[in-house]
Amino acid sequence: MKMDRRTFAVTLLAGVVTSLLAPPSEAQVGSRARNVVLVHGAYADGSSWSEVIPLLQRAGLNVTAVQNPLTSLADSVAETRRILAQQNGPTVLVAHSWGGTVISDVGDDPRVSALVYVAARAPDAGEDFVALSSKFPTMPVRAGIETHDGFTTIKEDAFLNYFANGVAHDQAQVLYAVQEPTAATIFSGRTSAAAWHTKPTWYAVSKQDETISPDLERFLAKRMNATQVELDAGHLSLVSHPKEVSDLILAAAGRTPAK
């Protein structure tokens, strides 16, 4: 059926109006987030984000740190989903270390506009991450892990020298004192999803990491096609380099980092 110029113009205008009135897509909504949810990793608690949180709050973001139970992947996923359910509007989901396993599984939540990995695991759905990581160098912290009653902790010397390398000694000792025992079985848990396939993703590699191989971190960032930065930091870059980490989170939230 042929359409004259006037009919075509009216039809085109109607389409434009419909497009303008339609609800924004998830990607459009995610371009400027209101909230940030932070997920800590193994051998830590929510206080590990204490240097990053005030920087995000000053930028006007609502920030919540998940108190990750570290008893099982299922428990950590459930707690993170509970916190996500309380968010009003687009939310950047951020993880450090083992917490990357959690946000990979949980990040398919429609509230999540972007994912940020900080020296973090990033498994594919159903992937044996232990087998993947075995293809990369074993890092020094491994020798300091001990197991008691099914839970693992890091010995003090290994914690201070390898897990918290680059962190001021007094601050590292406080982090050691509050380290959360981590279920020995938690690292073999497999995700049912990999949200980084569909969500915009950022990754901060720690070049001096003695816990997760920096080359593994680079591999993960490349595999995810993440916006990547490299920090001259150890594993706890969120403690030693909070400005750089918060700037990356702000970029993922569609905010301009503070100068």
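The C-alpha atoms of the range 51-91 occupy a region whose extents along the principal axes are 33, 24, 10 Å, arranged from largest to smallest. On a per residue basis, the chain carries 48 Å² of accessible surface, using protein heavy atoms and a 1.4 Å probe. What does the charge count near Pro181 come to, summing +1 for each Lys or Arg and -1 for each Asp or Glu among other residues with Cβ under 12 Å from its Cβ? Once all neighbours under 12 Å are counted, the net charge is -4. Look at where the Cα atoms of the range 134-202 and of the range 212-259 average out, and the two centres are 17 Å apart. Ranked by the mean number of other Cβ atoms within 10 Å per residue, highest first, peptides 70-76, 99-105 order as 99-105, 70-76.
Would you mind checking Lys207/Lys243; Lys155/Lys207; Lys135/Lys222; Lys199/Lys222 for any pair whose Cα atoms are more than 20 angstrom apart? It would help to have the intermediate numbers written out before the result.
Details: Lys207/Lys243 16 Å; Lys155/Lys207 23 Å; Lys135/Lys222 16 Å; Lys199/Lys222 15 Å.
Where the Cα-Cα span goes over 20 Å, the pairs concerned are Lys155/Lys207.
Sorting 196-203, 50-57 by average packing, meaning the other beta carbons within 10 Å per residue, from highest down gives 196-203, 50-57.
How much net charge surrounds Leu73 when only other residues with a Cβ under 14 Å from its Cβ are counted (Lys, Arg +1; Asp, Glu -1)? Value of the local net charge: -2.
Remark: relative contact order (the chain) = 23 percent; criterion is Cα-Cα distance under 8 angstrom and separation of 6 or more residues. Taking other residues whose beta carbon is less than 12 angstrom from the beta carbon of Thr153, and scoring Lys, Arg as +1 and Asp, Glu as -1, yields -3.
Take the alpha carbon gyration tensor of the range 212-257, find the square roots of its eigenvalues, order them as a ≥ b ≥ c, and report rounded if a/c is under 1.5; if not, report prolate when a/b exceeds b/c, else oblate.
Working: a/c = 3.09, a/b = 1.22, b/c = 2.53.
Here the range 212-257 falls in the oblate category.
Under the rule a/c < 1.5 gives rounded, and otherwise a/b versus b/c splits prolate from oblate, where does the range 114-259 land using the Cα gyration tensor? Taking the square roots of the gyration eigenvalues as a ≥ b ≥ c, the range 114-259 is oblate.
Calculate, in whole percent, how much of the Cα-Cα pair population of the chain lies beyond 34 Å. Of all Cα-Cα distances in the chain, 20 percent exceed 34 Å.
Given a cut-off of under 8 Å on Cα pairs at least six residues apart, what relative contact order in percent is computed for the range 42-102? Before the final figure, lay out the partial values.
Values: 33 pairs, mean separation 18.7, N = 61.
Relative contact order of the range 42-102: 31 percent.
The values are calculated or read from the model by the stated rules, or taken from the named source; none is laboratory data. Owing to the predicted nature of the structure, the values given are computational and were not obtained by experimental measurement. So basically every Cβ, Gly included, is an ideal-geometry build from the backbone, and we count neighbours across all protein chains shown. For the accessible areas, the whole protein counts, side chains as well, though only heavy atoms, and no ligand, DNA or RNA atoms are used. Shrake-Rupley method; radii C 1.70, N 1.55, O 1.52, S 1.80 Å.
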